[in-house]
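Engineer: Below are the structure tokens for one structure; questions will follow.
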Amino acid sequence: MNEAIVNFIIWAFLATVTTLILLHLSKRDEKKKTLIPAMLVILTMGYLMGYAVSNGNLPLAFSVFLVGGIMLNLYYASMKRRGYVLEDERTLRIEEISARRTLQVFMIGLAFAVIYLSIAQQRNPALRDAFILAESLLVFLFFTHLAFKIYYSRVM
């Protein structure tokens, strides 16, 4: 129980410091104040997720993830309705490019991991599961990307 109190104090300190920093920064830009509730939700999610994982409570961890995701999504939607979140063609294009580059970097990194693990698993059989996982992820990403490409080439 003593550890829980220390963890709560650390969480409260981080939440307070983050809020104060965002309030200080928002003196120049009023829209930055909208980050405070989202940051508090994320910090609370991190605290509760850490608690759930350290106690091996899988249902609580998934519940925290789902509830936090729903709360952030609802908050983002309300900010969009109020006009705090602006999306135009430029921001959508930036999102497209960053998503494409992220996918490319991740797939190249995964390909290097597959190459390394294919050789390393011959010397250390314990790495076979990691090799199969990396290979499966690479194949899954490739075919998912291909399927979306085919789908959107027909739709657009």
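Engineer: Quick one: which residue in Arg128, Arg81 is of a type outside the set (S, T, N, Q) and modelled with pLDDT under 90?
Structural biologist: Numbers: Arg128 fails: modelled with pLDDT under 90.
Among Arg128, Arg81, only Arg81 is of a type outside the set (S, T, N, Q) and modelled with pLDDT under 90.
Engineer: Ok, one more. Taking the range 40-62, which residues are farther than 23 Å from Tyr75 by Cβ and of a type in the set (Ser, Thr, Tyr)?
Structural biologist: Step one: filter the range 40-62 for residues farther than 23 Å from Tyr75 by Cβ, giving 53-59.
Within the range 40-62, just Ser54 meets the criteria.
Engineer: Can you tell me which of Val155, Val139, Val105 is under 18 Å from the mean Cα position of the chain (by Cα), of a type in the set (A, V, I, L, M) and more than 30 Å from Ile36 (Cβ to Cβ)? Working first, answer last.
Structural biologist: Values: Val155 fails: under 18 Å from the mean Cα position of the chain (by Cα); Val139 fails: under 18 Å from the mean Cα position of the chain (by Cα).
Exactly one residue qualifies, and that residue is Val105.
Engineer: Taking the range 119-156, which residues are surrounded by fewer than 14 Cβ atoms within 10 Å (Cβ to Cβ) and either small (Gly, Ala, Ser) or touching a Ser or Thr at 6+ places or on another chain (Cβ under 9 Å) (or both)?
Structural biologist: Ala126, Ser136, Ala147, Ser153, listed by residue number.
Engineer: Among the listed residues Ile70, Ile119, which satisfies the condition of being modelled with pLDDT of 90 or more, within 24 Å of the chain's Cα centre (by Cα) and not polar (S, T, N, Q)? Talk me through it step by step, then tell me what you get.
Structural biologist: On the way: Ile119 fails: within 24 Å of the chain's Cα centre (by Cα).
Within the list Ile70, Ile119, the selection yields Ile70.
Engineer: On to the next question. For the range 28-67: of the residues being among the β-branched types (Val, Ile, Thr) and at pLDDT 85 or above, which is farthest from Leu14 (Cα to Cα)? Before the answer, list the steps.
Structural biologist: Kept after step one, since they are among the β-branched types (Val, Ile, Thr), are these residues of the range 28-67: 34, 36, 41-42, 44, 53, 64, 67.
Restricting the remaining residues to those that are at pLDDT 85 or above gives 41-42, 44, 64, 67.
Numbers: Val41: 12, Ile42: 11, Thr44: 10, Val64: 19, Val67: 21 Å.
Among those that are among the β-branched types (Val, Ile, Thr) and at pLDDT 85 or above, it is Val67.
Engineer: For the range 89-99, check the following and say yes or no: at least one residue is basic (Lys, Arg) and closer than 30 Å to Ala15 by Cα.
Structural biologist: Taking the range 89-99 and keeping what is basic (Lys, Arg), we get 90, 93.
Right, trim to closer than 30 Å to Ala15 by Cα and you get none.
Scanning the range 89-99, I find no residue that is basic (Lys, Arg) and closer than 30 Å to Ala15 by Cα, so the answer is no.
The values are calculated or read from the model by the stated rules, or taken from the named source; none is laboratory data. Since the model is a prediction, treat every value here as computed from it, not as a measurement. Don't worry about glycine lacking a Cβ; one is built from the backbone with ideal geometry, like all the others, and counts go over all protein chains shown.
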